[in-house]
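Novice: Can you keep this structure in mind? I'll have questions shortly.
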Amino acid sequence: MKRLVSGIQPTGQLTLGNYIGAIKQFVALQNELEETEFFIFIADLHAITTPQDKTTLRKAIKGVAALYVACGLDPEKVNLFIQSEIPEHANLGYIMESTAYVGEMERMTQYKDKRLKQSDGIRTSLLTYPTLMAADILLYDADIVPIGDDQKQHLELTRNLAERFNHLYGNTFVVPEGFYPKTGARIKSLVDPTKKMSKSDDNQKAYILLLDEINVIKNKIKSAVTDSDRTIRYDVKEKAGISNLLTIYASLTDQSIKSIVKQYEGKSYAEFKADLADIVADTIEPIQKRYQALIHDPVLDDILDKGRQRASEIARKKMVKVYKRVGLGRIKS
Ligand code: TYM
């Protein structure tokens with residue numbers, strides 16, 4: 001039996017980028033992959049690498065859980081759980097800190113970007129964050145990790161740490177493979193299509209939230225920045241805006257970019273954007289309906305309890321093995 005692991009941070013609300021780059025893949029893989037156990041979690045420990053309001057964080061944790069299910073994750077097939085409810089993540093995180101070098105952490109581009117935004121000081125965990133992410137993955141001996149492009153560097157580090165640990169202490173961890181969507185691994189900002197679509201963007205028009213009102217979503221697509229040329233074609237360098245919209249279109253309709261370009265030959269940007277606005281709205285509206293029905297339903301707690309139980313079983317056993325390998329604690333006689 002193989003294992004698949006991935007997670008999302010409950011910071012702010014989830015965006016269309018999170019959906020296309022991550023959740024949509026989870027759902028597709030859940031239906032495609034056989035002989036694979038899924039572990040999808042809410043990475044709440046990662047959230048506190050930057051300051052959070054505790055009431056908002058608590059709400060966001062439940063919100064991500066509800067969105068996972070509303071987007072189509074089947075709790076019968078997938079173990080859904082909250083990272084902080086499995087203490088072994090932090091335990092193995094420390095072991096990974098003791099495997100990684102400071103220089104490696106300082107080279108992470110996400111750290112270099114995020115540190116610039118910390119006005120009240122940079123938390124140590126912002127620097128060590130990728131070691132916790134490595135722990136999240138290695139704890140379950142994941143074979144496959146579906147993620148967007150922006151997490152690639154962290155996954156490469158995870159692979160290096162697994163290999164280093166295995167070399168130092170004997171074969172202990174599976175070296176995981178990243179899995180990236182064919183289209184949509186990096187959805188761009190609707191305002192500045194050279195940047196990633198990010199929930200932490202200062203400009204709300206830059207991103208689409210899965211819980212934005214439907215007419216707001218449509219307007220954001222319609223007012224997305226494009227160039228002054230009139231042809232609809234894919235060219236990331238010269239036509240970053242329209243290329244990003246083509247990527248969103250292709251991803252949500254499971255069509256190739258080539259066939260969409262053909263379909264819109266001779267048509268205007270306005271027509272294309274109006275159609276895309278409908279496509280995005282038609283994708284998100286049913287998700288929102290399911291989300292509203294779920295968010296206050298006690299079944300969500302049952303799902304998270306069940307996920308925690310299974311995750312915990314594996315995590316506990318794995319940590320015993322890791323401590324033994326490293327020489328920590330006592331050997332039981
Ligand atoms: P996070 O919470 O920033 O993002 C969650 C997932 O969404 C993807 N993503 C995007 N994909 C395409 N286009 C975008 N604009 C876009 N924005 C975000 C991310 O690549 C990610 O797959 N460190 C992780 C969470 C994490 C994790 C893990 C993931 C913690 N432990 C273990 C996998 C395995 C993060 O901050 O993702």
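The values are calculated or read from the model by the stated rules, or taken from the named source; none is laboratory data. Here the structure is a predicted model, which means the values were calculated and not measured. FYI the Cβ positions are ideal-geometry reconstructions off the backbone, even for glycines, and counts take in every protein chain you see. To get the accessible areas, we keep the full protein, side chains included, count just its heavy atoms, and leave off ligands, DNA and RNA. Shrake-Rupley method; radii C 1.70, N 1.55, O 1.52, S 1.80 Å.
Novice: Could you count how many residues in segment 8-32 are in contact with a strand residue (DSSP E or B) (Cβ under 7 Å, 6 or more places away or on another chain), more than 9 Å from the ligand (Cβ to nearest atom) and either open to solvent by less than 10 Å² (accessible area, probe 1.4 Å) or aliphatic (A, V, I, L, M) (or both)?
Specialist: Adding up the residues that qualify gives 2.
Novice: Six or more apart or on different chains, Cβ atoms under 7 Å: show the pairs whose first residue is in segment 74-90 and over 16 Å from residue 62 (Cα atoms) and whose second is assigned to a loop (DSSP other than H, G, I, E, B) and modelled with pLDDT of 95 or more.
Specialist: 88/139; 89/139
Novice: Another one. Which condition does residue 129 not pass, out of (1) out of contact with any Gly (no Cβ under 8 Å at 6 or more places or on another chain); (2) part of a loop (DSSP other than H, G, I, E, B), if it passes all the others?
Specialist: All conditions pass for residue 129, except number (2).
Novice: Please find, within segment 272-308, the residue that is farthest from residue 37 (Cα to Cα) out of those that are open to solvent by 90 Å² or more (accessible area, probe 1.4 Å) and acidic (Asp, Glu).
Specialist: That would be 282.
Novice: So which of 191, 145, 174 ends up being farther than 22 Å from residue 246 by Cα, open to solvent by 30 Å² or more (accessible area, probe 1.4 Å) and not in a helix (DSSP H, G or I)?
Specialist: 174
Novice: Looking at (1) within 25 Å of residue 18 (Cβ to Cβ); (2) not in a loop (DSSP other than H, G, I, E, B), can you tell me which one residue 225 breaks?
Specialist: Exception for residue 225: condition (2).
Novice: On to the next question. If you go through segment 112-126, how many residues are open to solvent by 30 Å² or more (accessible area, probe 1.4 Å) and in a helix (DSSP H, G or I)?
Specialist: Result for segment 112-126: 6.
Novice: Of the residues 76, 88, which single one is crowded, with 17+ Cβ neighbours inside 10 Å and more than 13 Å from the ligand (Cβ to nearest atom)?
Specialist: Just one listed residue meets the conditions, 88.
Novice: Check whether at least one residue in segment 70-79 is assigned to a helix (DSSP H, G or I) and in the same structural domain as residue 149 (by TED's automatic domain parsing), and report yes or no.
Specialist: yes
Novice: With the structure loaded, tell me whether residue 253 is open to solvent by 30 Å² or more (accessible area, probe 1.4 Å) and closer than 27 Å to residue 13 by Cα or whether it fails that test.
Specialist: For residue 253, the condition - open to solvent by 30 Å² or more (accessible area, probe 1.4 Å) and closer than 27 Å to residue 13 by Cα - is met.
Novice: Let me ask another. (1) in the same structural domain as residue 39 (by TED's automatic domain parsing); (2) touching a residue at least 24 places away in the same chain (Cβ under 8 Å); (3) crowded, with 19+ Cβ neighbours inside 10 Å; (4) within 11 Å of the ligand (Cβ to nearest atom): which one isn't true of residue 155, the others all being true?
Specialist: Among (1) in the same structural domain as residue 39 (by TED's automatic domain parsing); (2) touching a residue at least 24 places away in the same chain (Cβ under 8 Å); (3) crowded, with 19+ Cβ neighbours inside 10 Å; (4) within 11 Å of the ligand (Cβ to nearest atom), residue 155 violates only (2).
Novice: Taking the criterion of being more than 30 Å from residue 60 (Cβ to Cβ) and of a type in the set (S, T, N, Q), would at least one residue in segment 268-282 satisfy it?
Specialist: Checked segment 268-282: at least one residue is more than 30 Å from residue 60 (Cβ to Cβ) and of a type in the set (S, T, N, Q).
Novice: Residues of segment 1-32 being of a type in the set (A, V, I, L, M) and touching a residue at least 40 places away in the same chain (Cβ under 8 Å), which ones?
Specialist: Looking only at segment 1-32, we keep the residues that are of a type in the set (A, V, I, L, M), and these are 1, 4-5, 8, 14, 16, 20, 22-23, 27-29.
Within segment 1-32, 4, 5, 8, 14, 16, 20, 22, 23, 27, 29 qualify.
Novice: I need a count of the residues in segment 33-48 that are in a helix (DSSP H, G or I) and open to solvent by less than 20 Å² (accessible area, probe 1.4 Å).
Specialist: 3
Novice: Quick one: count up the residues across segment 272-308 that are farther than 26 Å from residue 216 by Cβ, β-branched (Val, Ile, Thr) and touching a residue at least 60 places away in the same chain (Cβ under 8 Å).
Specialist: Residues flagged as farther than 26 Å from residue 216 by Cβ, β-branched (Val, Ile, Thr) and touching a residue at least 60 places away in the same chain (Cβ under 8 Å) within segment 272-308 amount to 1.
Novice: Right, another one. Of the residues in segment 194-210, how many are in a loop (DSSP other than H, G, I, E, B), within 22 Å of residue 239 (Cα to Cα) and open to solvent by less than 70 Å² (accessible area, probe 1.4 Å)?
Specialist: Going through segment 194-210 one residue at a time, the tally reaches 6.
Novice: Going through segment 118-142 one residue at a time, which ones are touching a residue at least 40 places away in the same chain (Cβ under 8 Å) and away from the ligand (no atom under 14 Å from the Cβ)?
Specialist: 118, 120, 123 - these are the residues of segment 118-142 that are touching a residue at least 40 places away in the same chain (Cβ under 8 Å) and away from the ligand (no atom under 14 Å from the Cβ).
Novice: Mind checking which residues of segment 269-324 are assigned to a helix (DSSP H, G or I) and among the β-branched types (Val, Ile, Thr)?
Specialist: Listed by number, the residues that qualify are 279, 280, 283, 284, 287, 299, 303, 314, 320, 322.
Novice: Now for a separate question. Scan segment 248-266 and report the pairs whose first residue is over 16 Å from residue 277 (Cα atoms) and in a helix (DSSP H, G or I) and whose second residue is open to solvent by 30 Å² or more (accessible area, probe 1.4 Å) and among the aromatic types (Phe, Trp, Tyr), with Cβ atoms within less than 9 Å and a gap of 6+ or a chain change.
Specialist: 257/234; 258/234; 261/234
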